[in-house]
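Here's the structure we're looking at; comments come further down.
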Amino acid sequence: MLQQEEIKQNIESALFQSVSETISTVFSLTPEVAEGKQNDYDVICSIGFVGCLEGHILMTFSVAGACFFVSKMLDDEITAPNSDVVDGLGEILNMVAGGIKTRMASTGCSFDISVPTVIQGEGMKLRSGDDVSIVQTGFICEKFFFNTIIAYKIHTDDVVDPPKDALPKSNIDAQNVLEKLVSENHTDKNSDC
Amino acid sequence: MKKILVVDDSGVQRKMIIGIIKKAGFENEIMEAGDGEQAIQVLGANFQDIGLVLCDWNMPKMSGLEFIEGVAKVPPVAKIPIVMVTTEGTEDKIKQAYEAHSNLAGYVAKPFSPDQLKTAIMPILARQS
C-alpha cells in the first residue's frame with residue numbers, strides 16, 4: 001500500500017510531467033515553474049476523478065492567457081472568451097488530466113476522470129475542506145501565468161476500482177442501427193459486401 | 001477520393017485535427033460527428049465514401065469504445081480504418097480498444113503533435129490514393 005507521502009510525490013511528478021508534455025506537444029512551447037502563487041482567478045477549469053484517489057484537477061488562467069492558448073490551438077486570433085475558448089480550455093485540462101491519470105496508473109494508483117467544466121468570473125478564490133490534500137504548481141509560458149491544482153483524498157482502507165468503462169451505455173444499439181443504415185444506403189458502386 | 005470522418009465531442013479538438021490534416025496537404029473531404037451516436041448515423045449513411053475514421057473515446061451519449069464495438073460487428077463498415085485519438089493512454093484502455101475492434105488501424109494518445117497524427121494517418125490515406 002503506497003504511503004501518503006509517496007502518493008503526494010507521485011502526484012507532484014505526474015502533474016509537472018503532464019503539464020510539460022501537453023504544453024510542449026500541443027503548443028511547441030516550454031512552460032516554466034513560476035515562483036509565487038496567484039490567488040485570484042478569472043477562469044477555472046475543473047475535472048473530477050474517482051478511484052484510488054478522488055477529487056478534482058483544476059487549471060486556472062487569466063482571461064488573456066485563456067485566449068492566448070486557445071488562439072494557438074486553433075491558429076486563430078481570439079481576443080475575448082467565446083465558446084471555442086471554453087471548449088479549448090476544457091480540452092487542455094482533459095489532456096493534462098489524462099496524462100496524470102496514465103502516469104498515476106503506472107504507480108499502482110488508478111482512477112477515472114469525468115468531463116471538464118469551465119467557470120469564468122473575476123477574482124474567484126478556491127476553497128477546500130480540511131481533510132483534502134492539495135498539490136499546486138504555478139507555471140509561466142510566454143508571459144502568461146497559469147496554475148494546475150490537484151485537490152484529493154486517498155482511499156486508503158477502501159480502494160475503489162474504477163469500472164471498466166465508466167461511461168454509461170448509449171440508449172441505441174450501435175450494431176443494429178449501423179446494419180439498418182448500411183442496408184438502406186448500400187449502392188452497387190464499389191460493391192464488395 | 002475517400003472522405004475522413006472526425007468524431008470528437010470537442011469542437012476545438014475537431015478543428016485542430018482538421019487543421020492538421022489540411023496543412024499536411026490532404027484534400028479529402030472531412031465529415032464531423034460530436035458523439036458516437038452521431039458518428040453511427042454519419043458512418044451508416046456514407047460508409048461507401050468514408051476511407052478513415054478518427055475517433056475520440058470519452059464522449060456523451062455514446063463513447064468511442066461503444067462506437068467501435070458496434071462498427072466491428074457490421075462487416076461492410078468493419079473494414080473502414082479507424083484510428084482512436086484519445087487521452088486514454090493506459091495499457092488497459094489500449095487493450096480494451098483492440099479487444100473491441102481487433103482491426104483498429106491505430107491509436108494516437110492525446111496530447112499529440114501534428115507530426116504524430118500525420119504519421120498515424122499517412123500510410124492509410126496513401127494506400128487509398
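Rule-based calculations on the coordinates, nothing more; no lab input. Only a predicted model underlies this, so the values are computations on that prediction, with no experimental measurement involved. Backbone-built Cβ (ideal geometry, glycine too); neighbour counts: all protein chains shown.
Relative to the dominant Cα principal axis of chain A, helix A:83-105 is inclined by about 80°. Hydropathy at least -0.5 by Kyte-Doolittle, axial extent at least 20 angstrom from the Cα trace: which helices of chain B, defined as entire DSSP H runs, fit? The answer, listed by residue number, is B:114-128.
Placing R0 at 35 angstrom, the Cβ-Cβ distance between B:E99 and A:E54 gives a FRET efficiency of 0.80 after rounding to 0.05. The ellipsoid that matches the Cα gyration tensor of chain B has semi-axes, each √(5λ) in whole angstrom, of 19, 17, 14, with the longest given first.
Of A:D130, A:D75, A:D42, the residue with the greatest mean-square motion in the GNM of chain A, using alpha carbon springs below 10 Å, is A:D130. For the protein assembly as shown, how big is Rg over Rh, using alpha carbon atoms and the Kirkwood form of Rh? Expressed as Rg/Rh, it is 0.99.
Please check chain A for the longest run free of GluC sites (Glu not before Pro) that are loop-located per DSSP (anything but H, G, I, E, B) and have at most 13 other Cβ atoms within 10 Å.
Details: sites that count: A:E35, A:E77, A:E142.
Looking at chain A, A:78-141 is the longest stretch - no exposed GluC sites (Glu not before Pro) with at most 13 other Cβ atoms within 10 Å.
Rounded to the nearest 500, what is chain A's calculated 222 nm mean residue ellipticity when only DSSP H runs of at least 4 contribute -39500 (n - 2.57) each, over all residues?
Details: 4 runs with 71 residues, N = 193.
That calculation yields -12500 deg cm²/dmol at 222 nm.
Between B:M1 and A:E32, the distance separating the two model label sites (each 7 Å from Cα on the Cα→Cβ line) works out to 4.4 nm. Magnitude of the charge dipole for chain B, about its Cα centre and with charges confined to Cβ atoms of Lys, Arg (+1) and Asp, Glu (-1), is about 420 debye.
Ignore the peptide's own chain and count Cβ atoms of other chains within 10 Å of each Cβ in B:8-14; give me the average, rounded.
On the way: counts 1, 4, 7, 7, 13, 7, 1.
Averaged over the peptide's residues, the number is 6.
For A:S110, the amide hydrogen comes within under 5 Å of the amide hydrogens of A:C52, counting only partners 5 or more places away or on other chains and with H modelled in the peptide plane.
Length gained on full extension, A:F145 to A:N171: 5.1 nm, using 0.36 nm per residue less the C-alpha separation. Inter-chain neighbour count for B:89-95: the average number of beta-carbon atoms from partner chains within 10 Å of each residue's beta-carbon is 4. Extending 7 Å from the Cα toward the beta-carbon at both A:H186 and B:A78 defines two label points whose distance is 1.4 nm.
For segment A:46-118 and segment B:107-129, what is the separation of their C-alpha centers, rounded to whole Å? Going from one Cα centre to the other spans 23 Å. Shielding value for A:95-102 is 5, the average number of Cβ atoms from other chains within 10 Å of each residue's Cβ.
Summarising the overall dimensions of chain A from its C-alpha atoms, the Rg and Dmax are 20.2, 67 angstrom.
All Cα-Cα separations within segment A:22-119 were binned at 5 Å from zero, giving a P(r) of 2, 12, 22, 22, 20, 14, 6, 2, 0, each value a whole percent of the pairs. Between A:R127 and B:E29, the modelled label-to-label distance comes to 5.5 nm, taking each label 7 Å out from Cα in the direction of the beta carbon.
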